[in-house]
Amino acid sequence: MNTTIPLKAVTLVCTLKRSPEESSADKLAHDLAMEFEKQGVAMEFVRLVDHVIKPGVELDMKNGDEWPMIRQKIMDADILVIATPTWVGQMSSEALRAIERLDAELSETDAEGRFMTYPKVAAVAIVGNEDGAHKITADVLQALNDVGFTFAANAATYWNGEAMHTTNYIDLKEIPEKVASTNALVATNTAHLARLLKENNYPPAS
């Protein structure tokens, strides 16, 4: 394991519950973070619902918009993790709002014409008491790829509880074995790819 290249990751926790209320999405985000830390990645968390994030597709929507501060954390990081609950089979509104705001990155390039997001790697973590994890993974990763992020093999981890039951991820006494092994795989592959891109970014735009 090469940890000589320092990495930073920011996790956007897209729960609908404000701090300090307990959240299954937040717990899975922190469980995944433990595996990233084993890979030498410094972690930071932003619970989006605690902030004023205006609707729109500009870098700064003004009038108290806090997205520019969150965006700077993303720009300062090598890895972006989106952690979202599942509601009616969909990602949360907070996750979708973040993706909408990232649309502005299509207009941001470096001196050689590359998106500012090009050397950054994305992953996703999903919880819910219903199906939808595969669809959310597809939607989130495709959207992030559209705005310049790359993702590694096996870039998603999730936990789905039994449908129409009341047990949540935060109620579990321990991390399920399959979730734990998937978390480790996501962190290992994502950190590996992030280090490769940090050393050797994509070629300049033609």
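Under a 5 Å amide H cut-off, with hydrogens placed 1.01 Å from N, Tyr158 pairs with Ile126 among residues at least 5 apart or on other chains.
Could you tell me what percent of the accessible area of the chain is made up of carbon and sulfur, with a 1.4 Å probe and every protein chain present? That fraction is 53 percent. Amide H to amide H, with H built 1.01 Å from N, Asn168 comes under 5 Å of no residue 5 or more places away or on another chain.
Segment 128-143 and segment 47-73 have Cα centres separated by 23 Å.
Ranked by the mean number of other Cβ atoms within 10 Å per residue, highest first, peptides 178-188, 48-58 order as 178-188, 48-58. Using alpha carbons only, the radius of gyration of the chain set against its Kirkwood radius gives Rg/Rh = 0.96. Surface exposure of segment 55-206, expressed per residue as accessible area with a 1.4 Å probe, stands at 50 Å².
In the structure shown, do any of Lys38/Lys135; Lys8/Lys198; Lys73/Lys178; Lys38/Lys178; Lys17/Lys54 have a Cα-Cα gap over 20 Å, and if so which? Checking Cα-Cα distances, Lys38/Lys135; Lys73/Lys178 exceed 20 Å. Close amide H partners of Glu130, meaning residues 5 or more places away or on another chain with modelled amide H under 5 Å apart, are Gly161.
With all protein chains in place and ligands, DNA and RNA left out, the 1.4 Å accessible area ranks Tyr118, Tyr158 as Tyr158, Tyr118, largest first. Here the extension length gained between Met164 and Lys17 equals 50.9 nm, from 0.36 nm per residue of separation less the Cα-Cα distance.
The values are calculated or read from the model by the stated rules, or taken from the named source; none is laboratory data. All values derive from a computational prediction rather than experimental measurement. Note that we place each Cβ from the backbone using ideal geometry, even for glycine, and neighbour counts take in every protein chain shown. The area values use the complete protein model at the heavy-atom level, side chains included, leaving out ligands, DNA and RNA. Shrake-Rupley method; radii C 1.70, N 1.55, O 1.52, S 1.80 Å.
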